[in-house]
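Report on one structure; see the data block that follows.
The values are calculated or read from the model by the stated rules, or taken from the named source; none is laboratory data. The structure displayed is predicted, hence computed values, not measured ones. All Cβ positions, even for glycine, are placed from backbone atoms using ideal geometry, and neighbour counts span all protein chains on display. With ligands, DNA and RNA removed, areas are computed over all heavy atoms of the protein, side chains included. Shrake-Rupley method; radii C 1.70, N 1.55, O 1.52, S 1.80 Å.
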Protein chains: 2
Amino acid sequence: MHYIDPHGIYYLGPKGSFSHEAAIKFLGSIKGKLNDVATIANVFDSIKSVNDVGVVPIENSIEGPVNETLDNLYIHNNIYINAIIHLPIKLVLASSSAKKISDIKRVYSHYYAYKEAQNKLLKIGIKDVIPVESTSKAAIMSSKDYSSAALCSLFAAKLYNLNILADNLQDHINITKFAVISKKMNYRGKRTTILFTVPDRPGGLFKILEIFYRNNINLTMIYSRPLKSIPWHYYFYVEYEGSINFSLLNKIRQNTPILKIKGSYMVK
Amino acid sequence: MHYIDPHGIYYLGPKGSFSHEAAIKFLGSIKGKLNDVATIANVFDSIKSVNDVGVVPIENSIEGPVNETLDNLYIHNNIYINAIIHLPIKLVLASSSAKKISDIKRVYSHYYAYKEAQNKLLKIGIKDVIPVESTSKAAIMSSKDYSSAALCSLFAAKLYNLNILADNLQDHINITKFAVISKKMNYRGKRTTILFTVPDRPGGLFKILEIFYRNNINLTMIYSRPLKSIPWHYYFYVEYEGSINFSLLNKIRQNTPILKIKGSYMVK
């Protein structure tokens, strides 16, 4: 899959976000203007031409699926997944002017990042943080406040010229998957994603999983999400190993009121 | 199922929260001290004696599962579901002293509540709100700020003596399910919840759903959640119609490395 001079690359901002880092790592070598936008829905809405691409978080190894991304893939029938990028989430403590941890008067970070780093922060004497909207926002705040530090990514720390005072502060192996999305659908790749609803009777989901099982295909991700229009009715989000297989998908189509194919893609 | 004088009833606060409203509606006629606690994890940790009960949100018809509740049910092997309560989420605009909407200078609310009411608020001339942590917090703020209003529940508005200026501001049918939890497991009820992992091979989940299908049992809820210890491995959260059935559960146990039975319960 090649992107030839995309018109625009849209990612969930602000600058220095993990989506920004994923976009640079995966798309950094190609041309196209990088644009940070405020919400995941904005990324989807920004993809107007077939040459635009978007980068959004889709699943975290600890927190689970990013519901806003799943639901936007369901809503936008003409937007497909072109690649999945794995990015390890590592947290550093960084400051614009403090040279050692004891010089720090306050620390900015996002609540989830703080929870992930709480134990190691305590060991270096940091008991709490000032919560802000994102770790990249924390880096921006700290770059303007000389007695402070940010708990953020190495990428954000470098972008805002902060010095690293401590690294690898996260407790767990923490990986976020990002989806590269566009209006182009690919038919071949390492994995494929489909979304579907099932009839409201015993065995609705079972009948679909049976088709995968009979074809010896492994599912790598299955999530259910509410169909907001009807309480307690759901659509399913399934990722499986391998390319689009029309014989398989035709059998699935016979057992699903709604089937949306989101394409095959590489996994990096 | 009867609660005879529980020692304590713990709910996700603050006072005036939807969990508080669910606790009052369902448990209001029984004795036991009502206690608001700060987080869902705190509700689980507060249940120390067999006579304590907790009330936590478990699923919303628009947003989906409440992950913190699912994960805490998985972690706490000795805590079970005793009842599920359906509570419609209706939003009102309420103020301590404004008599009409044009007197309001600012509106407090939670971000999600605002998103749910955004369209109807625009029609009555309210373009934005000041975000706070919860709709009950919004009611507290408004009770102290005479030129303001809160977008909150009718329950919170009454609790903090606010006057209703507009009601039914939510866009969709929006229902939250709450779980009443305790250290007692019930064997009979309208529905049953189990949590399990599956072997990492094609058909792992299929084999479990086949058991339900062969027994003609309908699933009412199925969610997957990450096992935080191993990236991209999951446990499944399944609710099905009917009581605990040991023949069924024995068959399931043979196909699951980990099976946790969370009890049968009434649905209100």
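Below, the figures for the structure above:
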quantity	calculated
Test for residue B:262: is it touching a helix residue (DSSP H, G or I) at 6+ places or on another chain (Cβ under 7 Å) and either assigned to a helix (DSSP H, G or I) or open to solvent by less than 20 Å² (accessible area, probe 1.4 Å) (or both)	yes
In the range A:36-50, the residues that are closer than 18 Å to residue A:79 by Cα and free of Cβ contacts under 8 Å to residues at least 60 places away in the same chain	A:37, A:39, A:40, A:41, A:42, A:45, A:46, A:48
Lone unmet requirement of (1) under 25 Å from residue A:44 (Cβ atoms); (2) crowded, with 18+ Cβ neighbours inside 10 Å; (3) of a type in the set (Lys, Arg) for residue A:207	(1)
Options A:161, A:174, A:168: the member that is within 14 Å of another protein chain (Cβ to nearest Cβ) and in contact (Cβ under 8 Å) with a residue 60 or more places away in the chain	A:174
Among the candidates B:126, B:89, B:58, B:75, residue that is among the aliphatic types (A, V, I, L, M) and farther than 29 Å from residue B:26 by Cβ	B:126
Filtered residue count, the range A:115-128, keeping only those that are modelled with pLDDT under 90 and under 21 Å from residue A:88 (Cβ atoms)	2
Residue count, the range B:210-235 (criterion: open to solvent by less than 40 Å² (accessible area, probe 1.4 Å), at the interface with chain A (Cβ under 9 Å from one of its Cβ atoms) and either within 19 Å of residue A:58 (Cα to Cα) or among the basic types (Lys, Arg) (or both))	6
Check on residue A:14, of a type outside the set (D, E, K, R), farther than 21 Å from residue A:266 by Cα and not in a helix (DSSP H, G or I)	yes
Residues of the range B:109-131 satisfying the condition of being open to solvent by 20 Å² or more (accessible area, probe 1.4 Å) and closer than 30 Å to residue B:46 by Cα	B:110, B:111, B:112, B:131
Any hit, the range B:163-170, residues being buried (at least 21 other Cβ atoms within 10 Å of the Cβ) and of a type in the set (Val, Ile, Thr)	no
Selection status of residue B:180, touching a Leu at 6+ places or on another chain (Cβ under 9 Å) and within 14 Å of chain A (Cβ to nearest Cβ)	no
In the range A:207-227, the residues that are outside any helix (DSSP H, G or I) and either among the small types (Gly, Ala, Ser) or touching a residue at least 40 places away in the same chain (Cβ under 8 Å) (or both)	A:221, A:223, A:224, A:225
